């Protein structure tokens, strides 16, 4: 009887600890940014490029932004969208964004995102007619990656470069 | 495919309303580049949405650059250009002065090193000094011939507000305590082909955009954004005060604004003073001067002059005193000439003329002697006036062409007779006695005394030490005349 009492208590305890698992299972994505720049250093008599933290930059220099994500939750995160406005005072460097995931850009401050070839706007041409122009990379205002799913415990990073005006 | 086409048209319509601005050329030092990334996602059941955000900042560094050296602005829409100030002729010991403008072209505040040098020819001494002036001509930094630091600001425009306010990235400009843009400073706004100088009227410093989630630990939450408040520099017309410069116009940024990405640089007006004392008889002194301005890197040097050449201040005129002695028979009322004839007992009058045909002469003294077989004629009441049989009293007369003073044998009588400014003294003299062979001393010029010569100036007003300043009724090449009389034994 005494043993049964302990068994009941253990069963209840197990039930109590297992119940929250079902309720709290959810994704938990953390995000971080690293700003770096490349500098030339001499190693073993050779000039090599090395990435260092970009605390200060000069106009014309490039900043490499690395956006790192981790799903530390207990279930997969779905329809993950990483959005990053191109920082004011910089211009996106064409082709620099990692293209592993669905990559789109905006030229209207994030209202709409499209692939680069579909980013167009109209401008009055020399003949007075409105002409459609494909946006230049330095005109991009936002960049966005869409990742269908990040499994629990999954992590990754995307990156892009800008040039300081 | 059809959906994509519609989407493309939709974005065209949105974007057509606001054509993206073209990229600027540069960014002000101290600008904070803020990057905020957001991640949005859903749970597996697709029912709950989550967001997290993170930010990082990067600061734009100073890109050092040399100053633009030019003549001061003289009108609106001027194109800065450098030329050495025109040459002139100055009295030996006089001062040549010229104004130049130094304008910052970097993307932020820097401290520039200034120094000046001079090379003189035919001079015993020479000097070159520079003074930093404010827009109204008052002194900002006192005259020096030593090296000194000059802090100048510059920044890159990101927009304008109203008719007169320039906008810069929030938090990028230095405060007044840090030597930043301040009311009264001259700033040069770049309009592309031309530039216009304005005066700073007011400065309002803002702050950079910010985001509360940052640091080294990755974020699982979103934070709060702080909107950027741009730094503002309000400007007004740079009017010509005391001949320093002239911006020529008031700002009207609502109709004509500087392009985004162009430089607004602070301008310093520098006055260069050069002086020399010529020391070679008949040869004027010349002085070459060069002001050197280097940024804090030491790599960008600009000159008033050039790397290989200086500017020339002009000619500091060598002293060229001419002296002429003439005589006439006073008793017979003869004319002055090289010679005269006289009977015993008649009175001769001598005239010594000292003319300055060059630079100013200092310590000008004339030594003469009572001629042989004569006695000096001394008058009791004035030169040529009163009893002429006395041995102490008035014996000579000296004139600078404007004022005339009678001289007494002991030099005491002419002290009170000297005129007041601008020619504070004509001359003094003394006679050792009346007998033949005794010396007659004459001390000429401004600042002369009973025992020492003064300045025989190039101009009748010695403060006007250039021919350009010595205008009528003042007279260039001043002439002093001494007269005394003797009786033939």
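The values are calculated or read from the model by the stated rules, or taken from the named source; none is laboratory data. Keep in mind that this is a model prediction, so the values were computed, not measured. Reconstructed Cβ throughout: ideal geometry from the backbone, glycine too, with neighbour counts over all protein chains shown.
Observations on the model:
- Residue count for segment A:117-165, restricted to those that are over 26 Å from the mean Cα position of the chain (by Cα), surrounded by 13 or more Cβ atoms within 10 Å (Cβ to Cβ) and in a loop (DSSP other than H, G, I, E, B): 0.
- Only one of the listed residues (A:35, A:54) is within 13 Å of chain B (Cβ to nearest Cβ) and modelled with pLDDT of 95 or more. That residue is A:35.
- Of the residues B:92, B:115, B:124, B:145, the single one that is over 25 Å from residue B:232 (Cβ atoms), modelled with pLDDT under 95 and surrounded by fewer than 18 Cβ atoms within 10 Å (Cβ to Cβ) is B:124.
- Residue ranges of strands (runs of 3 or more DSSP E) in segment A:29-81 with at least 3 members touching a residue at least 24 places away in the same chain (Cβ under 8 Å): A:29-43, A:62-71
- Selection within segment B:48-81: residues that are more than 10 Å from chain A (Cβ to nearest Cβ) and free of Cβ contacts under 8 Å to residues at least 40 places away in the same chain. The member of this set that is surrounded by the most Cβ atoms within 10 Å (Cβ to Cβ) is B:70.
- If the condition is being outside any strand (DSSP E or B), within 7 Å of chain A (Cβ to nearest Cβ) and surrounded by fewer than 22 Cβ atoms within 10 Å (Cβ to Cβ), then segment B:27-47 contributes B:43, B:44, B:46.
- Just one of the listed residues (B:374, B:355, B:331, B:392) is surrounded by 14 or more Cβ atoms within 10 Å (Cβ to Cβ), over 48 Å from the mean Cα position of the chain (by Cα), more than 27 Å from residue B:98 (Cα to Cα) and modelled with pLDDT under 95, namely B:392.
- Among the residues of segment A:61-73, those that are more than 8 Å from every other protein chain (Cβ to nearest Cβ) and farther than 14 Å from residue B:220 by Cβ comprise A:61, A:62, A:64, A:66.
Here is a yes/no grid of residues against (1) surrounded by 21 or more Cβ atoms within 10 Å (Cβ to Cβ); (2) more than 20 Å from residue B:370 (Cβ to Cβ); (3) not assigned by TED's automatic domain parsing to the domain that holds residue B:348:
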| residue | (1), (2), (3) |
| --- | --- |
| B:397 | yes, no, no |
| B:403 | no, yes, no |
| B:407 | yes, no, no |
| B:418 | no, yes, no |
| B:425 | yes, yes, no |
| B:431 | yes, no, no |
| B:454 | yes, yes, no |
| B:479 | no, yes, no |
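- Breaking point among (1) surrounded by 14 or more Cβ atoms within 10 Å (Cβ to Cβ); (2) assigned to a strand (DSSP E or B); (3) modelled with pLDDT under 95, for residue B:135: (2)
Residue by residue, here is whether (1) surrounded by 19 or more Cβ atoms within 10 Å (Cβ to Cβ); (2) assigned to a strand (DSSP E or B); (3) in the same structural domain as residue B:34 (by TED's automatic domain parsing) holds:
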position	(1), (2), (3)
B:149	no, yes, yes
B:160	yes, yes, yes
B:180	yes, no, yes
B:184	no, no, yes
